[in-house]
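Everything below concerns the one structure shown next.
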Amino acid sequence: MAINILAIGGSTRPGSSSEQALRVAGRGAEGAGAKVTYITGRDLMFPIYDTETPDRSDNAKKFLEAVAAADGLIISTPGYHGGMSGMIKNALDYIEDLREGPRVYLDGMAVGCISVAYGWQATATTLLQIRVVAHALRAWPTPLGATINASITKFSADGTTDDEGARSNLETVGRQVEQFATWSRK
Ligand SMILES: Cc1cc2nc3c(=O)[nH]c(=O)nc-3n(C[C@H](O)[C@H](O)[C@H](O)COP(=O)(O)O)c2cc1C
């Protein structure tokens, strides 16, 4: 059975560069044989994670079901003020609801991490933050993370880029998630 990878990310802007980067990584995983499902952009715009009620929006429930069913995860966030966007962090906060699930949080899961910002400094600090959060959720960030400087790397409407280095890094992140998930399934 194919490895099931959930790819989440993007900004509130339809067709954002962080969403395009996610899709390049997703294609890398598909090329390695994985089945990739996407939850992107405004579909990740959940109410602030609320510890005082078990009520969750339909979109948040779908997100949690998809996370619980996934063998691996790819996360792509824009760099906002040196860290991941509030929308992506809030979505990741919802994984708290999986604390008592069959798999605690993201225990043992491979996570590919992608940061997209308009300067190198924020790409680096944001990538580190995704990795730290993935560790806190008991996941295994893949050896390669991708940093995309959107002032240099441009994506066309069809989601491709002429930046061969960026494309190769993103596809490698996707492939590494597939590879690790395959190993950990054995
Ligand atoms: C609220 C906000 C804060 C941002 N902060 C930074 C920053 O600290 N450093 C940086 O390089 N880019 C910063 N940016 C630019 C984004 O990282 C950049 O637009 C990137 O391409 C991701 O946006 P997109 O996925 O919507 O295309 C910021 C953008 C916004 C909207």
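Values as computed for the structure displayed
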| item | result |
| --- | --- |
| Only one of I74, I95 that is within 23 Å of V177 (Cα to Cα), more than 14 Å from the ligand (Cβ to nearest atom) and part of a strand (DSSP E or B) | I74 |
| The listed residue being of a type in the set (A, V, I, L, M, F, W, C) and surrounded by fewer than 24 Cβ atoms within 10 Å (Cβ to Cβ), out of I88, I95, I74 | I95 |
| Among the residues listed as K62, K89, the single one being within 16 Å of the ligand (Cβ to nearest atom), assigned to a helix (DSSP H, G or I), of a type in the set (D, E, K, R) and touching a helix residue (DSSP H, G or I) at 6+ places or on another chain (Cβ under 9 Å) | K89 |
| So L128, is it more than 13 Å from the ligand (Cβ to nearest atom), of a type outside the set (G, A, S), over 24 Å from N4 (Cα atoms) and at pLDDT 95 or above | yes |
| Cross-chain or 6+ apart pairs with Cβ under 9 Å, the range 62-82 first and in contact (Cβ under 8 Å) with a residue 40 or more places away in the chain and polar (S, T, N, Q), then away from the ligand (no atom under 16 Å from the Cβ) and part of a strand (DSSP E or B) | S76/G112 |
| T147, sole failed condition from (1) modelled with pLDDT under 95; (2) hydroxyl-bearing (S, T, Y); (3) over 18 Å from A70 (Cα atoms) | (1) |
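The values are calculated or read from the model by the stated rules, or taken from the named source; none is laboratory data. Just so it is clear, the model here is predicted, and its values are computed rather than measured. When we count neighbours, we look across all protein chains shown, and the Cβ atoms used for this are built from the backbone with ideal geometry, even at glycine.
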